[in-house]
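Okay, so here's the structure we're looking at.
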Amino acid sequence: MIDTAITTITAWEGLDSRGKPTVGCEVQLSGGGRGHAYVPSGASTGRHEARELRDGDSRYDGQGVQQAAINARTVLAEAVHGLDALDGKTVDEALRAADGTPDLGRLGANAVLAVSVAAALAAADAQRVPLYQSVAAGADPLLPLPMVNIISGGAHAGRSIDVQDFLAVPVGAGTFSEAIDYTARVRRGTAEVLREMGHAIALVADEGGLGPVLPTNRAALDMVVAGIERAGLRPGTDVGIAVDVAATQFLSSDGRYVLAAEGDRRLNAEGLIDELVQWCAHYPIVSIEDALGEDDWEGWVEATARLGDRQLLGDDFFVTDAERLGRGIKVRAANAVLVKPNQTGTLSDALAVIRLAQENGYRTVLSARSGETEDSWLADLALGWRTGQIKVGSTMRSERTAKWNRLLQIESQLGGTVEYAGASALSCPTIDGVPA
Ligand code: 2PG
Ligand code: MG
């Protein structure tokens, strides 16, 4: 028997950063290699995402994942027993086949991803190389441009404002560590400005961002700009702003986008796009995520025609799904894809989406979820897969710093030999430059 064959799988119920149960899994190989992983979980989940299995009983208000853990260590373990962990694609195909449903809802996408990631980590361990190297397939690692949460609203902050994330993008930083310094300073600067204006900042949102109650969504942009300046940095030149509108979250059943924080201001798709165009004229916005609802294909095409000179990122819109991304490329909707491994369920499927995007001139941003753990495998994937950008939340809270720290460690270990993507990750061809 080869010494990288999968022999033993254990799985258990652990906790994520919101105190919600999540699946933990360890994979052991015949030669002694091991890997273990926890899976993340979203709050503003897209309708078309792969489906987590939750127990629905009295434990943890129905959120338990004991059955998913059982599925990982029984049916899924059996499906991959004896397979070579170095061949992640075959392992992932076996996992998907064992579930048999398109959204992995039978055994649970949380169970499937836990095995997929733990197997990849075991494969790296068996080869005595870091995960980023074993997933890189010979390519040079690329340190990603970080996108860092400063102010949160929406589902991550009790809907204090409608828009979900206002993030700092350190476009002027020359290295990854300088980029993290810039964003940590902006986080502190913005907190200072908010405190001076009388806002409570003791409580942070799910991803470690500030969650102030502001009179308008636009006011959050003013706060971030003031925070950049307070940090002694130049808005637009040193630090740009990214926005995750997460528009599906405030799309009502009559097709109107309702801004509850602004006195229930109601906008149709065109009105919302007009609003975003105005924001872009006044603020250094370099990236807009989920500008429209997850199924508003027409709105997305229109938004891309009007705003496509900057990054337009599909999260709930593409849900890390090759078919949806393929359709977007065809109709010219968005020009970038947010990639969350748990939206699709396996690492191979997430990688296929990244490659499809890159082949078609779409930018790629690897992303954590609002519910995370102390694991740092996401950082290695961004580096090894050369996604160019990463979104992890704030520069505080350990489940967030685990990822930043991993990238800082690698940067330090590899010294000058590792390339840093920097702002060039944002300047892929515009939508007009996308090959037909
Ligand atoms: C998002 C993510 C991370 P969630 O919408 O981009 O910020 O949130 O994990 O809740 O979907
Ligand atoms: Mg999002």
Practice problem: Would you work out the relative contact order for the chain, in percent, from Cα pairs under 8 angstrom that are 6 or more residues apart? | Solution: 19 percent
Exercise. Round to the nearest 10 and give me the degree value, 0 to 90, for the angle of helix 217-230's Cα axis relative to the longest principal axis of the chain.
Key: 90 degrees
Quiz item: So which lysines pass the test for residue 89, namely a Cα distance under 20 Å, with those fewer than 8 places away in the same chain ruled out?
Solution: 340
Quiz item: Can you give the net charge of the other residues whose Cβ lies under 14 Å from the Cβ of residue 127, counting K and R as +1 and D and E as -1?
Solution: -3
Self-check item: Given charges at beta-carbon only (K, R positive; D, E negative), |dipole| of the range 6-128 in Debye
Solution: 160 debye
Quiz item: Considering the dipole of the range 142-435 built from charges on the beta carbon (Lys and Arg +1, Asp and Glu -1) around the Cα centre, which of 212, 177, 300 is farthest to its positive end?
Solution: 177
Self-check item: Helical mean residue ellipticity (222 nm; -39500 (n - 2.57) per DSSP H run of 4+; nearest 500) of the chain
Solution: -11000 deg cm²/dmol
Exercise. Work through the residues other than residue 382 whose Cβ is under 15 Å from its Cβ and net out their charges, Lys, Arg +1 and Asp, Glu -1.
Key: +3
Quiz prompt | Most to least accessible of 270, 49 (protein chains only, probe 1.4 Å) | solution = 270, 49
Quiz item: In the P(r) worked out for the chain, what percent of Cα pairs fall beyond 35 Å?
Solution: 25 percent
Practice problem: Provide the packing ranking of 377-389, 344-356, i.e. peptides ordered by the mean count of other C-beta atoms within 10 Å per residue, highest first. | Solution: 377-389, 344-356
Quiz item: If ligands, DNA and RNA are left out, what is the accessible area of residue 197 with a 1.4 Å probe, given in Å² to the nearest 10?
Solution: 110 Å²
Quiz item: Tally Lys/Arg at +1 and Asp/Glu at -1 over every other residue whose Cβ is under 12 Å from the Cβ of residue 72; what's the total?
Solution: -3
Exercise. Using only Cα atoms, tell me the angle between helix 176-196 and the longest principal axis of the chain; keep it within 0 to 90° and round to the nearest 10.
Key: 50 degrees
Exercise. State the Cα centre-to-centre distance between the range 138-174 and the range 180-248 in whole Å.
Key: 11 Å
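The values are calculated or read from the model by the stated rules, or taken from the named source; none is laboratory data. Bear in mind the structure is a predicted one, so any value in this text is a computation, not a measurement. Methodologically, a virtual Cβ is constructed for each residue, glycine included, from the backbone with ideal geometry; neighbour enumeration extends over all protein chains shown. Remember, those area values only see protein heavy atoms, side chains included, never the ligands or the DNA or RNA. Shrake-Rupley method; radii C 1.70, N 1.55, O 1.52, S 1.80 Å.
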